[in-house]
Amino acid sequence: MNAAATERAKLIVRGAVQGVGFRPFVHRHATELHLRGWVRNSAQGVFIDVEGTGDTVREFVHRIESEKPPRAVIQSIECSFLEASGYERFEIRESDDSGGKSALILPDMATCEDCAREIFDPANRRYRYPFTNCTNCGPRFSIIESLPYDRANTTMKRFTMCPECEREYHDPSNRRFHAQPNACPRCGPQLALWDATGYVLATRNEALMEAAQLIREGKILALKGVGGFQLFVDARSEQAVMRLRARKRREEKPFALMAPSLDHARYECDIPEDEEHLLVSPESPIVLLRKLWRSRLAHSVAPGNPYLGIMLPYSPLHHLLLREFNFPVVATSGNLSDEPICIDENEALERLCGIADYLLVHDRPIERHVDDSIARVICGREQILRRARGYAPLPLHMDAPLPPILAVGAHMKTTVAFSAGQEIFISQHIGDLESEPAHAAFRKTAADLPRLYDAAPVEIACDMHPDYLSTQFAARLHAPSHRVQHHYAHVLACMAENELAAPVLGVSWDGTGLGTDNTVWGGEFLLVKEAGFERAGHLRTFRLPGGDAAAKQPRRSAVGLLFEIFGEDVWDRDEVPGDFSGPEMRLMQQMLARRVNVPLTSSAGRLFDAVSSLTGLRQVASFEGQAAMELEFAAYPDVKTFYPFSIRGKVPMIIDWEPLILEMMHDILAQTDIGVISAQFHNTLAEIIVAIAERVGEPNVVLTGGCFQNRLLTERAVERLNTAGFLPHWHQRIPPNDGGIAPGQIIAAARAMKERVS
Ligand code: ZN
Ligand code: ZN
Ligand code: FE
């Protein structure tokens with residue numbers, strides 16, 4: 001960080017922070033650090049907005065967390081970095097009660113230090129009790145059935161507190177005062193170990209110890225956690241991990257890990273300070289970390305991937321179980337590939353019986369599935385890639401009230417969102433709407449949010465694609481539906497979390513999304529205006545042989561790209577990937593010749609696929625994004641050169657990748673190192689973004705869409721936009737992928753309503 005540069009951060013602090021001297025505490029630290037900005041109470045928590053030079057803002061954030069007033073209970077701190085706004089002093093602003101007191105549901109929080117100490121203290125009455133919690137930690141969103149948040153409205157209602165728990169619950173000086181899930185070994189939920197048929201092998205602590213032994217023996221354990229089942233195996237055992245892959249039908253997609261402690265995680269991965277902060281936070285997400293050479297974990301945990309996704313124990317059950325190991329375990333969601341996570345033990349017997357050898361279950365029901373979240377640090381800021389446990393259903397705070405709108409997302413990585421007052425509540429990650437169980441989870445979640453917040457949506461916002469199950473679902477609801485262009489929704493979501501007003505240039509790059517001209521978009525430059533948007537530019541289109549099937553076969557994107565350059569002559573060229581079967585090849589030739597099932601696309605994701613195939617990296621993908629990931633990982637970050645490209649036309653401008661591809665094919669023929677080719681490809685895309693930004697001339701540029709999960713692309717684009725004098729923005733609290741579509745859809749629908757009345 002440049003010592004003179006101004007940084008600005010927005011914080012939302014939730015918990016018991018009102019009436020405990022929190023605002024004076026904030027004021028004192030802000031003025032000590034010479035920060036400017038303001039602090040304000042609201043029904044949603046304490047809002048803080050500060051700016052200052054050098055590292056002072058980061059120091060401030062650190063102090064808020066570590067030096068809070070004694071009676072303050074912080075349940076969640078959300079921090080985002082924003083463009084400096086030029087505050088002149090620091091002030092305490094009037095409380096804001098506008099928009100009413102919309103009920104706030106907190107996310108599930110990782111075990112606090114006090115509770116963690118108690119469960120390992122033989123003298124404590126909660127010694128080794130796996131369901132210990134307090135006001136500062138424990139389950140919330142995963143157990144709430146309805147509001148208000150009282151024990152009777154949670155899945156804990158079936159457990160009657162013993163006199164001692166009752167006393168804690170009613171004692172204002174106790175850490176468990178009004179802790180709704182309060183429990184102890186005498187009165188609360190208990191563990192049981194089942195075999196794969198549901199036969200009880202052991203209960204309580206004995207169940208836990210036997211489960212640990214089974215994992216040591218290489219068995220697959222299904223564990224009922226906080227928001228659903230997880231599958232655990234010894235991450236050092238190639239055989240155990242491969243067995244899990246075969247049974248889960250998950251070929252190569254990386255598995256997440258749980259490490260017994262920070263030190264264990266540090267043995268496997270490089271953990272810089274910001275990443276460590278994320279790992280130990282109450283949100284406790286899976287954090288993407290660079291793997292170290294000394295790591296002894298099975299190769300099949302994350303084949304060909306330089307990163308590992310690691311989390312730390314976040315419930316007492318996890319703490320107790322992981323304490324038995326001296327090594328990380330695979331901790332992946334308890335489901336078949338592409339299905340939602342399983343939450344009920346009897347359902348688990350059915351759905352996980354072909355996967356798990358044993359089940360470690362308990363009798364605290366899970367009201368709704370909440371997966372483990374995935375996060376990382378990019379360009380010095382946190383970025384959530386999968387938003388679920390620890391984050392859902394925290395809202396995105398808007399500066400003006402919105403009408404109640406339900407947004408149902410797109411098709412992949414679906415989330416739904418619901419607006420109430422100034423908040424847009426975002427659901428937990430649901431997943432791809434491919435299977436019936438996923439669709440059922442989607443319907444349940446879409447009904448869940450309006451019910452919890454007790455408001456009927458006046459409009460349903462959905463994608464423009466008529467074939468998406470989410471779109472069809474929207475059409476069947478009672479309220480009118482409003483169809484939102486996919487890439488426009490991406491851009492609006494990114495603008496909202498960065499507090500940007502139109503006009504803004506949105507770089508919206510992903511795999512697929514239906515455009516307003518009925519072609520498949522995905523390499524878009526959208527100029528968001530006061531009202532609506534304009535397609536300022538896009539990547540040159542090419543045909544995708546087989547349509548959606550091409551997403552799973554990067555080699556088909558390569559053929560489509562080459563066909564666009566060479567036409568029918570392509571079939572005589574050596575560059576056409578050689579591993580198609582004879583019939584496959586003939587079918588593709590016919591489809592392209594007759595223009596049947598070869599949709600036109602401007603997709604940046606498919607361009608990545610094509611390049612990954614042409615360079616010989618990946619012809620057939622076993623999971624979404626694999627080809628692009630492998631291309632990213634191959635790049636030499638030190639290479640700064642790039643390929644030529646051209647831009648033609650006005651509105652929209654067409655970015656022609658043909659010069660890029662021709663020169664790259666030349667490099668491939670000359671056997672140039674793939675690390676150089678890949679880096680030059682990424683650099684070219686960053687140059688393209690800058691070139692279009694210069695032609696459009698808007699200072700604010702947002703980077704959004706699944707392609708910006710690519711770290712190299714995002715970092716290069718941010719760096720080049722900065723040096724060219726633009727203000728780049730990217731996602732922090734909302735995922736760049738389709739998990740961020742729903743909040744964008746709400747904003748689009750609200751904008752359209754406003755235009756209709758004015
Ligand atoms: Zn606690
Ligand atoms: Zn009790
Ligand atoms: Fe998308």
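The values are calculated or read from the model by the stated rules, or taken from the named source; none is laboratory data. Values in this document were obtained by computation on a predicted structure and should not be read as measured data. All Cβ positions, even for glycine, are placed from backbone atoms using ideal geometry, and neighbour counts span all protein chains on display. Quick note on the areas: whole protein, heavy atoms, side chains included, nothing else; ligands and nucleic acids left out. Shrake-Rupley method; radii C 1.70, N 1.55, O 1.52, S 1.80 Å.
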Please pick out the residue among V13, V26 that is open to solvent by less than 10 Å² (accessible area, probe 1.4 Å), more than 25 Å from P285 (Cα to Cα) and not assigned by TED's automatic domain parsing to the domain that holds E423. V26
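Rundown of residues vs (1) without any contact (Cβ under 8 Å) to a residue 24 or more places away in the chain; (2) touching a Ser or Thr at 6+ places or on another chain (Cβ under 6 Å); (3) under 30 Å from F255 (Cβ atoms); (4) not aliphatic (A, V, I, L, M), yes/no style:
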| residue | (1), (2), (3), (4) |
| --- | --- |
| L592 | no, no, no, no |
| L607 | no, no, yes, no |
| L614 | no, no, yes, no |
| A621 | no, no, yes, no |
| M629 | no, no, yes, no |
| T641 | no, no, no, yes |
| P652 | no, no, no, yes |
What number of residues within segment 520-540 are out of contact with any Phe, Trp or Tyr (no Cβ under 9 Å at 6 or more places or on another chain) and open to solvent by 20 Å² or more (accessible area, probe 1.4 Å)? 5
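Can we say R175 is within 16 Å of ligand 1 (Cβ to nearest atom), outside the structural domain of A16 (by TED's automatic domain parsing) and either open to solvent by 20 Å² or more (accessible area, probe 1.4 Å) or over 30 Å from I144 (Cβ atoms) (or both)? So that I can check it myself, show each step before the final result.
Numbers: within 16 Å of ligand 1 (Cβ to nearest atom): yes; outside the structural domain of A16 (by TED's automatic domain parsing): yes; either open to solvent by 20 Å² or more (accessible area, probe 1.4 Å) or over 30 Å from I144 (Cβ atoms) (or both): yes.
Yes.
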Check V611 against each of (1) open to solvent by 50 Å² or more (accessible area, probe 1.4 Å); (2) under 29 Å from L712 (Cβ atoms) and name the one condition it does not meet. (1)
Subset of segment 105-130 [open to solvent by 10 Å² or more (accessible area, probe 1.4 Å), touching a helix residue (DSSP H, G or I) at 6+ places or on another chain (Cβ under 8 Å) and within 16 Å of ligand 2 (Cβ to nearest atom)]: N124, R125, Y127, R128, P130
Considering each residue of segment 155-169, count those that are surrounded by 12 or more Cβ atoms within 10 Å (Cβ to Cβ), away from ligand 1 (no atom under 16 Å from the Cβ) and not hydroxyl-bearing (S, T, Y), and give that number. 7
Please report, ordered by residue number, the helices (runs of 4 or more DSSP H) entirely within segment 468-574 with at least 2 residues that are under 23 Å from L660 (Cα atoms) and in contact with a Lys or Arg (Cβ under 9 Å, 6 or more places away or on another chain). 554-566
Filter result for E83 (open to solvent by 60 Å² or more (accessible area, probe 1.4 Å) and more than 15 Å from ligand 1 (Cβ to nearest atom)): yes
If I ask for residues that are farther than 23 Å from A116 by Cα and in contact with a Ser or Thr (Cβ under 6 Å, 6 or more places away or on another chain), which ones from segment 151-202 would you list? N153
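Here is a yes/no grid of residues against (1) in the same structural domain as G334 (by TED's automatic domain parsing); (2) free of Cβ contacts under 8 Å to residues at least 60 places away in the same chain; (3) touching a strand residue (DSSP E or B) at 6+ places or on another chain (Cβ under 7 Å); (4) farther than 21 Å from Y314 by Cβ:
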| position | (1), (2), (3), (4) |
| --- | --- |
| D195 | yes, no, yes, yes |
| I215 | yes, no, yes, no |
| L223 | yes, no, yes, no |
| G227 | yes, no, no, no |
| D234 | yes, no, yes, no |
| Q239 | yes, yes, no, yes |
Select from segment 464-519 the residues that are of a type in the set (V, I, T) and more than 19 Å from I688 (Cβ to Cβ) and write down the one among them that is most open to solvent (accessible area, probe 1.4 Å). T516
Hey, any hits in segment 224-231 for a residue that's open to solvent by 50 Å² or more (accessible area, probe 1.4 Å), within 24 Å of P285 (Cα to Cα) and out of contact with any helix residue (DSSP H, G or I) (no Cβ under 8 Å at 6 or more places or on another chain)? no
Look at segment 197-229 and say how many of its residues are assigned to a loop (DSSP other than H, G, I, E, B) and more than 32 Å from the chain's Cα centre (by Cα). 4
Which condition does P401 not pass, out of (1) within 27 Å of S315 (Cα to Cα); (2) open to solvent by 40 Å² or more (accessible area, probe 1.4 Å), if it passes all the others? (1)
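Does segment 388-396 contain any residue that is among the charged types (D, E, K, R), under 25 Å from the mean Cα position of the chain (by Cα) and under 16 Å from H429 (Cβ atoms)? Break it down stepwise before answering.
Residues of segment 388-396 that are among the charged types (D, E, K, R), as a first pass: 389.
From what is left, the residues that are under 25 Å from the mean Cα position of the chain (by Cα) are 389.
Then drop every residue that is not under 16 Å from H429 (Cβ atoms), which leaves 389.
Yes, the conditions are met somewhere in segment 388-396.
Quick check: is even one residue across segment 158-171 farther than 19 Å from P313 by Cα and away from ligand 2 (no atom under 16 Å from the Cβ)? Give the steps one after another, and end with the answer.
So the first thing to find is which residues in segment 158-171 are farther than 19 Å from P313 by Cα, and the list is 158-171.
With the extra rule that they be away from ligand 2 (no atom under 16 Å from the Cβ), the set shrinks to none.
No, every residue in segment 158-171 fails to be farther than 19 Å from P313 by Cα and away from ligand 2 (no atom under 16 Å from the Cβ).
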Got a number for residues in segment 624-644 being touching an Asp or Glu at 6+ places or on another chain (Cβ under 9 Å), more than 11 Å from S678 (Cα to Cα) and open to solvent by 50 Å² or more (accessible area, probe 1.4 Å)? 2
Tell me, which strands (runs of 3 or more DSSP E) wholly within segment 1-79 include 1 or more residues that are without any contact (Cβ under 8 Å) to a residue 60 or more places away in the chain? 36-42, 45-53
If you check A670, A635, which single one turns out to be within 30 Å of the chain's Cα centre (by Cα) and small (G, A, S)? A635
